[in-house]
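S.K.: Could you have a look at this structure, given as structure tokens, before my questions?
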Amino acid sequence: MPESPIFTIKIKNQQPVELVDLTNSFFSLADEYKRFIGQDVIQESGDIPEEIKLYIKEIRTGSIEADLVAYAAGMIPFLEHTKTVIEFGKYLKMAYDYLTGKSCSKPQLQKINYENLSAFVEPIAKDNASQINCQTIINGDVNVYLDINSLEANAAQNIAKREISLLREPIIGIKEKTLLYWYQARNDPKSQVGDKAIIESIQTNPTKTIFRNDNIKSQMIYGENPFKSAYIVDVQVETIQGKPVVYKILDIHERIDRSPEPSPDSSDTPIVQKPKRKFNFDT
């Protein structure tokens, strides 16, 4: 009978490893294994199959050395025809080769993958003289897939952090019921120049603003002082190289008073603070 494949982790540490770091490292590896093995199921249902698990078979003395085995109750046929522990080892090598600069081949990873890969090497990144080695053993054959020292672990975490920042949700398309307030506005519903507004949930810079029709702008500039109001709007965001450059207001849902409430101990004479922004409200 063939033996179950074993995934062995060896951490050669010089300093004591904090328990929470080691626990998070193993947890992140188990979560990444679950996502790797069950990615077909995840794509179909959106759920991570709970049946897929890694178990500790043995922990040996010396440096931290653990043998892990895979188990997936009720999913053995699925596993036999798709991913294996061996393939998971190859996946880790491919991912860390990119994160450590050994390869330019960028894997298709999501934010959670980068977080798991970063957390797995955290005990090594914190210990300048340590390293981690991962290998698989099946029927006596040993395959080494991962050998990372502290310097490489830090590099992997830095690249993972950079990749996570690049995976932020792109700011483009229609944003519904978003809070907007004026930076400057032309007192002319038909004007197509000079209007700028701020939507802090997108960016804090004043951005050119246009309107789906003249009626929407009329609602926002006539009546109460528009610079003392904020507006709940539907907006279409247009970008250049990922940076918002135009807001197109499609609809207005509500006007909100931006005037601060007077404090209970304030005097009857209001204190007027000069606005930091320069407004251009033409008459």
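The values are calculated or read from the model by the stated rules, or taken from the named source; none is laboratory data. All of these numbers come straight from a predicted model, not from anything done at the bench. Here the Cβ positions follow ideal geometry from the backbone for every residue, glycine too, while neighbour counts run over all protein chains shown. Areas reflect the complete protein model, heavy atoms only, side chains present, ligands, DNA and RNA absent. Shrake-Rupley method; radii C 1.70, N 1.55, O 1.52, S 1.80 Å.
S.K.: In the range 246-273, which residues are open to solvent by 50 Å² or more (accessible area, probe 1.4 Å) and modelled with pLDDT of 85 or more?
M.R.: Hits for the range 246-273 are 248, 251, 253, 254, 255, 256, 257.
S.K.: Now for a different question. For the subset of the range 84-124 comprising residues that are over 14 Å from the mean Cα position of the chain (by Cα) and aromatic (Phe, Trp, Tyr), which member is nearest to residue 52 (Cα to Cα)?
M.R.: It comes out as 88.
S.K.: Tell me which residues, restricted to the range 86-125, are free of Cβ contacts under 8 Å to residues at least 60 places away in the same chain, aliphatic (A, V, I, L, M) and more than 21 Å from residue 167 (Cα to Cα).
M.R.: 125
S.K.: Counting residues that are under 35 Å from the mean Cα position of the chain (by Cα) and of a type in the set (S, T, N, Q), which strands (runs of 3 or more DSSP E) fully inside the range 159-252 reach at least 2?
M.R.: Of the strands (runs of 3 or more DSSP E) lying wholly inside the range 159-252, those with at least 2 residues that are under 35 Å from the mean Cα position of the chain (by Cα) and of a type in the set (S, T, N, Q) span 173-184, 203-211, 229-240.
S.K.: For the range 179-206, give me each residue that is within 18 Å of residue 221 (Cα to Cα) and free of Cβ contacts under 8 Å to residues at least 60 places away in the same chain. Talk me through it step by step, then tell me what you get.
M.R.: So in the range 179-206, the residues within 18 Å of residue 221 (Cα to Cα) come out as 179-199, 206.
189, 190, 191, 192, 193, 195, 196, 197, 198, 199 - these are the residues of the range 179-206 that are within 18 Å of residue 221 (Cα to Cα) and free of Cβ contacts under 8 Å to residues at least 60 places away in the same chain.
S.K.: Any idea how many residues of the range 99-115 are open to solvent by less than 30 Å² (accessible area, probe 1.4 Å) and either more than 17 Å from residue 133 (Cα to Cα) or touching a Phe, Trp or Tyr at 6+ places or on another chain (Cβ under 7 Å) (or both)?
M.R.: Total meeting the criteria: 4.
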